[in-house]
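Pasting a structure below so you can have a look.
The values are calculated or read from the model by the stated rules, or taken from the named source; none is laboratory data. Only a predicted model underlies this, so the values are computations on that prediction, with no experimental measurement involved. Using ideal geometry, Cβ is built from the backbone for each residue, glycine included, and neighbour counts are taken over all protein chains shown. These area figures cover heavy atoms from the full protein model, side chains too; ligands, DNA and RNA do not enter into them. Shrake-Rupley method; radii C 1.70, N 1.55, O 1.52, S 1.80 Å.
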Amino acid sequence: MESLSDTPWDVVIEGTGLQQSLLALALSRSNKKVLHVDQNEYYGSSEAAFSLQDVDEWVEKVNTFDTKSFRNAAIWKSPTEAGKLGVSRAYTLTLSPQIIYTKSKLLSQLVSSKVYKQLEFQAVGNWWIYDVSSVAALKRLPNGREDIFEDASIDNRSKRSLMKFLKFVVEYQNHGEIWEAVAENSFPAFLTSHFKLPESLQTVLVALTLSLDSPDDTPVGYALPRIQRHLSSIGLFGPGFGAVLPKWGGGAEIAQVACRAGAVGGGVYVLGTGIKSSQTNGEKTEVVLSNSETIVTKHLAHDPDNQRKPDTKAVSKVVAIVSSPFSTLFKSSVEGSPLAAVSFIVFPLRPSASKARLIRSTLWHTQAKRANVRQVNEQSLVSLDLAFHDEALEEVETKWNAIVESADEQKPFMQFEERTGMTDEDDDNENGY
Amino acid sequence: MAEATAPKPSSSVKLVLLGEAAVGKSSLVLRFVNNDFQENKEPTIGAAFLTQKCNLPTRTIKFEIWDTAGQERFASLAPMYYRNAQSALVVYDLTKPTSLIKAKHWVAELQRQASPGIVIALVGNKLDLTNETANSSNSLSDGGDGEAAEGEDADGDARRVSTAEAKSYAEEEGLLFFETSAKLGTNVTEVFTAIANAIPETSLKGTRGPGAAQANAGRTEDPSRVNLTGPRDNASKEGCAC
């Protein structure tokens, strides 16, 4: 095995989470010598996805060592059902489930970088809300205007208010006079004061923001762009859905594919190797790897996970493997829509219960097999958002720009030509649609 | 006449390439795909995967060949690399015993990570560096009789891994076994044909037809799959356009 210290590196990237992996890919295709390391033996950092066996190891690691991103991990197997579990690698449990709205720049960049060809995407289908107003039951959220009109549980006056709000929110940027002054204020209160929306509909709209805070702590300025994104994403890639999820483990899958593409572009990948220390002297940074090898690089991109301060915000997550397919939840409600692989169920708190926590759970259709495995963890502020946020991409582009300083190497971010040998005439037919 | 108008069923098969750096993985593929060889080829950078058809009497197998892109050097291949692979080519350099040890490691890794039914071929490359090229290629393809290769270490023979040793390991693990020269083209097509023949018909789900194109990256037809490019209304017809 050759020595890493023999190469003068342009960039050393630490951690293989989604952002770092996209950065490595972008840089490797901008003629930079990239060394991409991860202290873990797996790809994905705090967005990793695991088989059952890997999860066991991960839980032990979290509880033995001080990991910055996670704490209090536990795994529970039903004594009666666990025997019915399939083989370990039949499951992919992700630490950080994130949907990707079809409007997200991530998808267009996966296409322009040709990385999408090695990924499969599945549709996020129905959104449900646990409705306690009458009989406790799950109620499907309206999926567009027709649904709203047909919904007998909403009275006509509320329907008009809702339509007025929806019309506003799709172009809220043009109506700064309505919301800018109250951007920091509570979103439900804004819906009451400006649109006279009843509490039941406020709950629905807050649900669409995927806010992890209670409704009253969800500000107007946070909610509006997210609702707009939700609405404008529906139907973009086909009827009946507005978001997708990469098959086989969400962001972890994109990270792996990006890393592979980065290697194809000339990047060198080393797992199980972290960064012990680094020292910058002028143009050069000396980096000591965890294997005590010292390397020299022009740039060093630290793992954002390791840069985080202990944060006040933490989220408890549960990943469960259940014995029911829950087919009702995944049944498509719009003709011609793909079978949903993900459904959202929102358990709202009453807006007045402001300090309590909003609990939300995602059901994973592909994991809906027999028996129960439960894993509980608290995660500090790492990819906590349940939807991929384009800000993450902008950060990557900024870092990329800073490193690719010379103008002649500047090509548009994440736009790559097809590599030779990747296609033949058949692939053109298959992929060219 | 009827044969000409009704093409044989065609299926895509993902093949992953494994083996120590510089054993000739890419050269084998280059020989198979382009019938070409480059002396002193640089380590692989560039192609994510190559494709090549293999015509069998009753069907056509289209290999989608995934090069490691150098990620094998520090054992940093991702699970996605193995996912859905129906076949694997594990290559060692028969002039370098450590490369066979590495090959065994990759076989173990495949048995751990890949689909249970995966067809694995163990290939000793660089047969041209031995002084037995002409005969052994015949004897191997005639029935795998590797006895002739035993004990030869005459002048100019760089072989350091005996045919018998590698072959008995391959038999123990249920692997196909070949010795090849990517440089001369010896046995290269034979390896891929043998893999194509060994893939059970039942595991070929990517058969062409309506819907096959949508499933081009994965093998299974997935009703929840979303297409990220192109107009949506073509999605249902694209299979016939090929």
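Given the options B:GLU172, B:GLU150, name the one that is surrounded by fewer than 18 Cβ atoms within 10 Å (Cβ to Cβ), among the acidic types (Asp, Glu) and at pLDDT 95 or above.
Working: B:GLU150 fails: at pLDDT 95 or above.
Step by step, each of B:GLU172, B:GLU150 is checked, and only B:GLU172 is surrounded by fewer than 18 Cβ atoms within 10 Å (Cβ to Cβ), among the acidic types (Asp, Glu) and at pLDDT 95 or above.
Take the conditions of a type outside the set (S, T, N, Q), open to solvent by less than 10 Å² (accessible area, probe 1.4 Å) and more than 8 Å from chain A (Cβ to nearest Cβ) and apply them to B:LEU30. Does it pass?
Values: of a type outside the set (S, T, N, Q): yes; open to solvent by less than 10 Å² (accessible area, probe 1.4 Å): no; more than 8 Å from chain A (Cβ to nearest Cβ): yes.
So B:LEU30 does not fit the description; no.
Can you name every residue in segment B:65-87 that is at the interface with chain A (Cβ under 7 Å from one of its Cβ atoms), open to solvent by less than 10 Å² (accessible area, probe 1.4 Å) and over 18 Å from A:GLY266 (Cα atoms)?
Answer for segment B:65-87, where residues must be at the interface with chain A (Cβ under 7 Å from one of its Cβ atoms), open to solvent by less than 10 Å² (accessible area, probe 1.4 Å) and over 18 Å from A:GLY266 (Cα atoms): just B:MET80.
Considering every residue within segment A:118-126, establish whether at least one is touching a residue at least 24 places away in the same chain (Cβ under 8 Å) and in a helix (DSSP H, G or I).
Initial filter on segment A:118-126 (touching a residue at least 24 places away in the same chain (Cβ under 8 Å)): A:118-126.
Filter once more, keeping what is in a helix (DSSP H, G or I): A:118.
Yes, there is a match, as at least one residue in segment A:118-126 is touching a residue at least 24 places away in the same chain (Cβ under 8 Å) and in a helix (DSSP H, G or I).
Scan (1) away from chain B (no Cβ under 13 Å); (2) assigned to a loop (DSSP other than H, G, I, E, B); (3) hydroxyl-bearing (Ser, Thr, Tyr); (4) open to solvent by less than 20 Å² (accessible area, probe 1.4 Å) for the single condition A:THR297 breaks and write down its number.
Of (1) away from chain B (no Cβ under 13 Å); (2) assigned to a loop (DSSP other than H, G, I, E, B); (3) hydroxyl-bearing (Ser, Thr, Tyr); (4) open to solvent by less than 20 Å² (accessible area, probe 1.4 Å), only one is false for A:THR297: (2).
Okay, residues lined up against (1) open to solvent by less than 20 Å² (accessible area, probe 1.4 Å); (2) more than 13 Å from every other protein chain (Cβ to nearest Cβ); (3) closer than 24 Å to A:ASP147 by Cα:
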residue	(1), (2), (3)
A:GLU177	no, yes, no
A:ASN185	no, yes, no
A:PHE195	yes, yes, yes
A:LEU201	yes, yes, yes
A:VAL220	yes, yes, no
A:ALA243	yes, no, yes
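Now for a separate question. Within segment B:185-230, track down each residue that is at pLDDT 75 or above and among the hydroxyl-bearing types (Ser, Thr, Tyr).
Within segment B:185-230, the first condition is being at pLDDT 75 or above, and the residues that meet it are B:185-202, B:223-229.
Scanning segment B:185-230 gives B:THR186, B:THR189, B:THR193, B:THR202, B:SER224, B:THR229.
I've got another one for you. Quick one: would you say A:VAL322 is closer than 30 Å to A:SER214 by Cβ, in a loop (DSSP other than H, G, I, E, B) and under 24 Å from the mean Cα position of the chain (by Cα)?
Working: closer than 30 Å to A:SER214 by Cβ: yes; in a loop (DSSP other than H, G, I, E, B): yes; under 24 Å from the mean Cα position of the chain (by Cα): yes.
So A:VAL322 fits the description; yes.
Okay, moving on. Would you mind stating whether A:ILE234 is more than 30 Å from B:ALA69 (Cβ to Cβ) and crowded, with 16+ Cβ neighbours inside 10 Å?
On the way: more than 30 Å from B:ALA69 (Cβ to Cβ): yes; crowded, with 16+ Cβ neighbours inside 10 Å: yes.
So A:ILE234 fits the description; yes.
Out of the residues in segment A:257-285 that are away from every other protein chain (no Cβ under 14 Å) and surrounded by 15 or more Cβ atoms within 10 Å (Cβ to Cβ), which is nearest to A:LEU35 (Cα to Cα)? If you could, list the steps in order and put the result at the bottom.
Taking segment A:257-285 as the starting set, the residues that turn out to be away from every other protein chain (no Cβ under 14 Å) are A:275-285.
Among the residues that remain, those that are also surrounded by 15 or more Cβ atoms within 10 Å (Cβ to Cβ) are: A:275, A:278, A:285.
Numbers: A:ILE275: 12, A:SER278: 15, A:THR285: 13 Å.
Restricting to residues being away from every other protein chain (no Cβ under 14 Å) and surrounded by 15 or more Cβ atoms within 10 Å (Cβ to Cβ), the top hit is A:ILE275.
I'd like the residue in segment A:69-80 that is crowded, with 16+ Cβ neighbours inside 10 Å and part of a loop (DSSP other than H, G, I, E, B) and, out of all such residues, is modelled with the lowest pLDDT.
Restricting to residues being crowded, with 16+ Cβ neighbours inside 10 Å and part of a loop (DSSP other than H, G, I, E, B), the top hit is A:SER69.
Quick check: is even one residue across segment A:94-104 open to solvent by less than 40 Å² (accessible area, probe 1.4 Å), more than 20 Å from the chain's Cα centre (by Cα) and not β-branched (Val, Ile, Thr)? First the steps, then the outcome.
Start the filter on segment A:94-104 by keeping residues that are open to solvent by less than 40 Å² (accessible area, probe 1.4 Å), which leaves A:94-102, A:104.
When the remaining residues are screened for being more than 20 Å from the chain's Cα centre (by Cα), the result is none.
Taking every residue of segment A:94-104 in turn, none turns out to be open to solvent by less than 40 Å² (accessible area, probe 1.4 Å), more than 20 Å from the chain's Cα centre (by Cα) and not β-branched (Val, Ile, Thr).
Looking at A:ALA152, is it part of a loop (DSSP other than H, G, I, E, B), surrounded by fewer than 20 Cβ atoms within 10 Å (Cβ to Cβ), free of Cβ contacts under 8 Å to residues at least 40 places away in the same chain and over 27 Å from the mean Cα position of the chain (by Cα)?
Values: part of a loop (DSSP other than H, G, I, E, B): yes; surrounded by fewer than 20 Cβ atoms within 10 Å (Cβ to Cβ): yes; free of Cβ contacts under 8 Å to residues at least 40 places away in the same chain: yes; over 27 Å from the mean Cα position of the chain (by Cα): yes.
Here the answer is yes, as A:ALA152 does meet what is asked.
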